[in-house]
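Below: one structure, written as structure tokens.
Rule-based calculations on the coordinates, nothing more; no lab input. Keep in mind that this is a model prediction, so the values were computed, not measured. All Cβ positions, glycine included, derive from the backbone under ideal geometry; neighbour counts span all protein chains shown.
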């Protein structure tokens, strides 16, 4: 297991209240030994003007997962901040919920790199994202 902080899904979802994560109804759904998962609706909150999942909303889901996973890999007063994020949008989604799966590529003492894959309800890859964080 890579996590250094003990946390529950209930606690992660409580952290989402009153900020963009809660506004977009991102829900943490699974804490595995080496991965973190969350879902996000594809609806009027996350659509772009043509009725498809907005690429920026996908990036919010990816950065949320990577930042929280990064925090869970720190100790004490340490926190993480995003340094760079990229996303390849591979498939459009019109409705339902997408699921983000976050896995560590590197968890160093100063920097971390996270791979976040976003899948539709048919388990098709919609977005592949990578987040680099700095530990502060």
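Quick one: in segment 123-136, which of the residues that are in contact with a strand residue (DSSP E or B) (Cβ under 9 Å, 6 or more places away or on another chain) and part of a loop (DSSP other than H, G, I, E, B) is surrounded by the most Cβ atoms within 10 Å (Cβ to Cβ)? Among those residues, the one meeting the criterion is 136.
Per the conditions (1) closer than 22 Å to residue 12 by Cβ; (2) more than 15 Å from the chain's Cα centre (by Cα); (3) without any contact (Cβ under 8 Å) to a residue 60 or more places away in the chain, the sole criterion not satisfied by residue 110 is (1).
Residues checked against (1) under 18 Å from residue 125 (Cβ atoms); (2) out of contact with any strand residue (DSSP E or B) (no Cβ under 7 Å at 6 or more places or on another chain):
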residue	(1), (2)
34	no, no
38	yes, no
44	no, yes
75	no, yes
82	no, no
86	yes, no
94	yes, no
